[in-house]
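Scroll down for the structure; my scribbles are underneath it.
The values are calculated or read from the model by the stated rules, or taken from the named source; none is laboratory data. Keep in mind the model is a prediction, meaning the values are calculated, not measured. Here the Cβ positions follow ideal geometry from the backbone for every residue, glycine too, while neighbour counts run over all protein chains shown. Only protein heavy atoms, including side chains, enter the accessible area calculation; ligands, DNA and RNA are left aside. Shrake-Rupley method; radii C 1.70, N 1.55, O 1.52, S 1.80 Å.
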Amino acid sequence: MSALAPAPCPAFLLGVNYWSRSGGPRMWEAPRFDVPRIRAELLQMAAVGLNTCRSFAFIPTFVGEQGVIDEASLERLSRFLDLCTDAGMATIPSFLVGHMSGENYNFPGQGDRSPYTDPELLEWQEALIAAVTRRCAGHPAVIAYLASNEMPYWGGRGAVPQVLAWACHIRAAVRAHDPDRPFGLGDGVMNLDGGQNGFDVPVLGPVVDFLGPHTYYSDADDYRQALNSEYCVRSLTYRRQPILFEEFGCSSTQVSEDNQALYYREVIHGCLSTGCAGALAWCFSDFDLEEAAPYSHHAFELGFGITRADGGEKPVCGELRAIRRLSDKLASPVETPPIRAAIIVPSYFNTQYPFCREDRARMRRVLLQAYTLCVKAGIEAELVPEREDFARYTLLLAPATQKLLAPTWGRILAHVEAGATFYWSYFGGDAPFHQGAWCQNFEALTGVRHQLRYGCFDLPDSELHIHGEGLSLHLSTRAGDSKPYPRAFLPVDPLGDNVTQVIARDAKGRPALTCARRGAGQVFFAAYPLEYYLAQLPRINEDDGSESLYKLLAQASGLVLPVIAESPLVQARVATCAGRPLLWLFNRSWREVACVVDAPTGTPLIGDAMPLKEGRHELSLSSKEVQVYQLAESPRT
């Protein structure tokens, strides 16, 4: 990954989404554009350690009847840019702000016309972009542009070709007046939650200079929730494009102030350590705007700030200062080693094929659960759409997967025969219609033969016990969904070709995990949808030991773990900065954890941690603590 733009753009953008306390989205209106207050707010951002804020051209203020641009608002924008420069803050203007905090705001006279395709609306969008960009081009405070704020909420879903044409049109409008600054869409990459809203990452990737996920997520399992933001990043790193985490945050109605600070710590260090270009929190301040929409009907939106409505700092500001000090020490972009493990994202997650049924919320939980298992096992993995090239990966994972495209199964087998390791756990489907695994080369791939009976489901016991050499799993199979088909397992027998080995069996002696040699590689097949079971369970990942399966896969595939953290609750990540090896240690738990770490000598870069001594030694990390070290040498492999 890389910085968003060359110097003087900061190596890591640490910032917030910004509305002034004086008016929220209506800050650009004459009675509310309070220059002394805005100056003070920008100076407070800088004092907290921030270097960037995202700003918004609110459509109701900037655009009048017939698409006429309000010159007074543009003058205030120019004044704001100068105030940013004076305060030492950079800004990223967002042009088409028709959605904000739970409400949509159309152009006057827009009606139900689509901003993606309607010629007049496209002209109005182009006029707004041209007017704003002319004010921003060449200004030292502006470091990038965003086309919109969560455009799918305002523009709605669009066909992929229509959205592509719209995005190209918007980019051309920006480039006509400022050809140099990075450009993104501001759409939030919402397809990471499944489905297709038209903003398709592989299609739009060549149009943008960076990708910008937004996420607000909750989960019944604390560990999965802790890794969600990283899951979003790792769902995009296969693109090898800069990633700016444009939005994350939490309202004081949803979290205590102290725990808000811990959440920010976890998310921003995750972004920094994975090589993101930056992280922008939602948002700078709480508001005292109870009578104004959208806050009058979305009261929780009043409390997302890192500061209070009276200007006081919340505890999170201390975390932001500490991260800024670390970022200043690093001074260069963080680079991550090549990732050799891929979790395959079925195309069915985003594409609606004819007569196919998918529970995409279930699919997302399963993918996140698989990523969680990778972290617990010490595996650096990324999530890769099935149509992408797998050549760089030595370990492929298809967790609780019913369907891949027919050509994909063949590509996987060819990749295995060339030396890769493939793991697949069975999933019978989300519906009783066309149930079972849709794999046309099942025996050739897995080395086992299934014993299905048509229209019947082989249901597991309520408690599953799997045992084998170096592997012991115990988990419930009944949580969450009482339907039979998602819970079903696949009865299998080895083919008897002397290349398929039963690695583990269930309590009744049935094969539960097999391994088949295929050319220079191997295929592990789990007859139970293990990740599905786990994804349905609350508070399961801290103490269940399920990571032992993925540790087995890492060892079998030859993946190297450069630093060992012996507790599954502690994630160890090695990265580099300007050629210097770095180590992040994350306590992903809400409780204090003692963990034995095997690492080279290291000097702490944050907090009051003791230096690392070479070899194995025990560390104690408090709730959600993050430690960062500069290592004396690169870890031995």
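Restricting attention to the alpha-carbon atoms of the range 245-315, what are Rg (one decimal) and Dmax (integer), both in Å?
Cα only, the range 245-315: 13.0, 41 Å (Rg, Dmax).
In debye, nearest 20: dipole of the chain around its Cα centre with unit charges on the Cβ of K, R (+) and D, E (-)?
Using Cβ point charges on Lys, Arg, Asp and Glu, the chain gives about 1380 debye.
Would you mind calculating the relative contact order of the range 240-399 from Cα pairs under 8 angstrom and at least 6 residues apart, reporting the percent as a whole number?
22 percent
Can you find, among MET100, VAL345, ASN587, the residue sitting farthest towards the positive end of the charge dipole of the chain, where Lys and Arg contribute +1 and Asp and Glu -1 at Cβ?
Most positive-ward Cα: VAL345.
Among 310-318, 361-369, what's the highest-first ranking by average C-beta atoms within 10 angstrom per residue?
With the highest mean Cβ count within 10 Å placed first, the list reads 361-369, 310-318.
Take every Cα-Cα pair in the range 171-256 and report what % of them are more than 18 Å apart.
So the pairs more than 18 Å apart make up 50 percent of the total in the range 171-256.
Take the Cα of ASP328, step 7 Å along the line toward its Cβ, and report every residue of the range 238-275 whose backbone nitrogen sits under 20 Å from that point.
The answer is 265, 268-269, 272-273.
Kirkwood hydrodynamic radius, computed over distinct alpha-carbon pairs, for the range 207-297: how many Å, to one decimal?
14.4 Å
Taking a temperature of 20 °C and a viscosity of 1.002 mPa s, what whole-number D in µm²/s does Stokes-Einstein yield for the range 51-132 with Rh from Kirkwood over alpha carbon pairs?
For these conditions, the coefficient is 158 µm²/s.
In nanometres, what is the gap between the two model label sites at ALA299 and PHE355, each 7 Å from Cα along Cα-to-Cβ?
Using points 7 Å along Cα→Cβ, the separation is 5.2 nm.
Among PRO179, CYS232, LEU272, whose Cα sits farthest toward the positive end of the charge dipole of the range 143-276 (+1 at Cβ of Lys/Arg, -1 at Cβ of Asp/Glu, about the Cα centre)?
PRO179
P(r) of the range 19-79 in 10 Å steps, Cα pairs, percent per bin?
With a bin width of 10 Å, the distribution comes to 22, 50, 23, 5, 0.
Which three extents, in whole angstrom, do the alpha-carbon atoms of the chain cover along their principal axes, largest first?
79, 58, 42
Return a whole-number percent for the relative contact order of the range 324-403, with Cα pairs under 8 Å and 6 or more residues apart as the contact set.
50 percent
On a 0 to 90° scale, report how tilted helix 119-136 is relative to the longest principal axis of the chain, with both axes built from alpha carbons and the result rounded to the nearest 10.
70 degrees
Rg over Rh of the range 375-464, using C-alpha atoms and the Kirkwood radius, what does it come to?
0.99
Put a dot 7 Å past each Cα toward the Cβ at SER620 and HIS465; how far apart are the dots in nm?
3.7 nm
Classify the range 87-144: rounded, prolate or oblate, from the alpha-carbon gyration tensor (a ≥ b ≥ c, eigenvalue square roots; a/c under 1.5 rounded; otherwise prolate if a/b is larger than b/c)?
It comes out oblate by the Cα gyration axes.
Taking the dipole about the Cα centre of the range 350-434, with the C-beta of Lys and Arg at +1 and of Asp and Glu at -1, give me whichever of PRO354, LEU404, SER425 is farthest to the positive side.
PRO354
Within the set of other residues whose C-beta is less than 14 Å from the C-beta of ARG357, count the net charge using Lys and Arg as +1 and Asp and Glu as -1.
+1
Find the lysine pairs in the chain meeting two conditions, Cα atoms under 30 Å apart and a separation of 8 or more places or different chains, and report how many there are.
19
Work out, step by step, the length gained on full extension between ASP608 and GLU290: first 0.36 nm times the residue separation, then minus their alpha carbon distance; give nm to one decimal.
110.3 nm
From Cα pairs below 8 angstrom and at least 6 apart in sequence, can you work out the relative contact order of the range 444-538, rounded to a whole percent?
Worked out over the range 444-538, it gives 30 percent.
If R0 is 35 Å, what FRET efficiency do you get for CYS168 and ALA556 from their C-beta distance, rounded to 0.05?
0.20
Given a 1.4 angstrom probe, I'd like the percentage of the accessible area of the range 22-148 that is carbon and sulfur, rounded to a whole number.
C and S fraction of accessible area: 50 percent.
Give, in nm to one decimal, the length gained when the segment between ALA30 and ALA46 is fully stretched (0.36 nm per residue of separation minus the Cα-Cα distance).
Contour length minus the Cα-Cα distance gives 3.2 nm.
For the chain, with every protein chain kept in place, what is the accessible area per residue (1.4 Å probe, Å²)?
36 Å²
Compute the acute angle (0 to 90°) between the alpha-carbon long axis of helix 160-175 and the principal axis of greatest extent of the alpha-carbon atoms of the chain; round to the nearest 10°.
Between helix and principal axis, roughly 40 degrees.
Compute the projected area of the convex hull of the Cα atoms of the range 432-511, averaged over all viewing directions, and report it in nm² to one decimal place.
Projected over every direction and averaged, the Cα hull of the range 432-511 covers 6.2 nm².
Please get the size of the charge dipole for the range 1-97, origin at its Cα centre, with Cβ charges of +1 on Lys and Arg and -1 on Asp and Glu, quoted in debye to the nearest 20.
300 debye
Quick check: at a probe of 1.4 Å, how many percent of the accessible area of the range 251-395 sits on carbon and sulfur atoms?
Roughly 51 percent, rounded to a whole number.
What's the percent breakdown of Cα-Cα distances in the range 312-382 across 10 Å bins, shortest bin first?
Per 10 Å bin, starting at zero, the Cα-Cα P(r) for the range 312-382 comes out as 15, 25, 26, 24, 9, 2 percent.
Which value at 222 nm does the chain reach when only helices count, each DSSP H run of 4 or more adding -39,500 (n - 2.57), with the total divided by all residues and rounded to the nearest 500 deg cm²/dmol?
Here the helix-only value at 222 nm equals -8500 deg cm²/dmol.
Roughly speaking, what is the stretch gain from GLU257 to ARG157, that is 0.36 nm per residue apart minus the C-alpha to C-alpha distance, in nm to one decimal?
Taking 0.36 nm per residue and subtracting the Cα distance, the gain is 32.4 nm.
ALA418's amide H: which non-local residues (gap 5+, or another chain) put their own amide H closer than 5 Å, with H modeled 1.01 Å from N in plane and none for Pro or chain starts?
ALA520
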